[in-house]
1. Kindly indicate which of Phe132, Phe100, Phe82 is aromatic (Phe, Trp, Tyr), over 30 Å from Gly36 (Cα atoms), open to solvent by 40 Å² or more (accessible area, probe 1.4 Å) and outside any strand (DSSP E or B).
2. May I ask you to list pairs of residues, at least six apart or on different chains, whose Cβ atoms are under 8 Å apart, with the first in the range 99-111 being of a type in the set (Ser, Thr, Tyr) and the second being part of a loop (DSSP other than H, G, I, E, B)?
3. Against the conditions (1) open to solvent by less than 20 Å² (accessible area, probe 1.4 Å); (2) assigned to a loop (DSSP other than H, G, I, E, B), where does Phe59 fall short? Just the number, please.
4. State which residue is surrounded by the fewest Cβ atoms within 10 Å (Cβ to Cβ) when the search covers only the range 137-151 and only residues that are more than 17 Å from the chain's Cα centre (by Cα) and part of a strand (DSSP E or B).
5. Filter the range 166-187 down to the residues that are in a loop (DSSP other than H, G, I, E, B) and among the basic types (Lys, Arg), then identify the one that is surrounded by the fewest Cβ atoms within 10 Å (Cβ to Cβ).
6. Out of Ala67, Ala148, Ala72, I need the residue that is in contact (Cβ under 8 Å) with a residue 24 or more places away in the chain and small (Gly, Ala, Ser). Which one?
7. Which residue is farthest from Trp167 (Cα to Cα), if the candidates are limited to the range 55-71 and must be of a type in the set (Phe, Trp, Tyr) and touching a Lys or Arg at 6+ places or on another chain (Cβ under 9 Å)?
8. Counting only residues that are over 14 Å from the mean Cα position of the chain (by Cα) and of a type in the set (Phe, Trp, Tyr), which one in the range 69-119 is farthest from Asp131 (Cα to Cα)?
Amino acid sequence: MKTKLQLSKNVTMNKPDEKRQGMKVRTVVTGHDAKGRAVFVRDGEVDGTTIPGLGELAFLWNANEPATYPNAGNNPAAPGIFPPVGGIRFIIGTYLPGDFIAPEPTPEMHLEDGDELGGANAGFHRTDTTDFGVVLSGNLALQLDDGAEVSLSPGEVLIENGTRHRWRVVGDVPATLASFIIGAQRR
């Protein structure tokens, strides 16, 4: 099963000649039949998408508004990595070792001077989201704009509340992070 996701024009989808890590995530989805009974509606693999400067992301569920039930269990497949207020994204990402992770900016990312690719603070950004992340493998470090940094290992959780931050992989093996992202309102 392949889930199609429209990304911002600033995010490059993998091309046939790009080297892919080959992420595949089995995804089982339930829904309701015409009589309102629970049914399995999908059991298949979601392929990862290579994102330059980042690694590979598997977009598992993308909605721009809250769900209503009963429903058929179809993925709304809303566009973009970051959802609007009330929207959600469920993503598993594998990030490559190296310097700070610095993808091409998307319109939903708030950047300051020097945060852009190649800038002194490359990778720093903030979004109007609450992000719930669980490290599945490898090790990641999260740095905040005041220089404070915390390292996260498999099984550890981060709740990121719309703060300016950047990521880097600690060590020489990729790190995998499962993220549930909820669109929030900034005042």
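1. Every option except Phe100 fails the conditions.
2. Thr106/Leu7; Thr106/Ser8; Thr106/Asn10; Thr106/Val11; Thr106/Gly80; Thr106/Ile81; Thr106/Phe82
3. Evaluating Phe59 over (1) open to solvent by less than 20 Å² (accessible area, probe 1.4 Å); (2) assigned to a loop (DSSP other than H, G, I, E, B) leaves (2) as the failure.
4. Val150
5. Checking each candidate, the answer is Arg187.
6. One residue alone meets the criteria, Ala72.
7. Among those residues, the one meeting the criterion is Trp61.
8. Tyr69
The values are calculated or read from the model by the stated rules, or taken from the named source; none is laboratory data. Note that the structure is predicted; figures quoted are calculated from it, not measured. A quick note on method: Cβ atoms are made from the backbone with ideal geometry, for glycine too, and the neighbour counts reach across all protein chains shown. Surface areas here come from the heavy atoms of the whole protein model, side chains and all, with no ligands, DNA or RNA. Shrake-Rupley method; radii C 1.70, N 1.55, O 1.52, S 1.80 Å.
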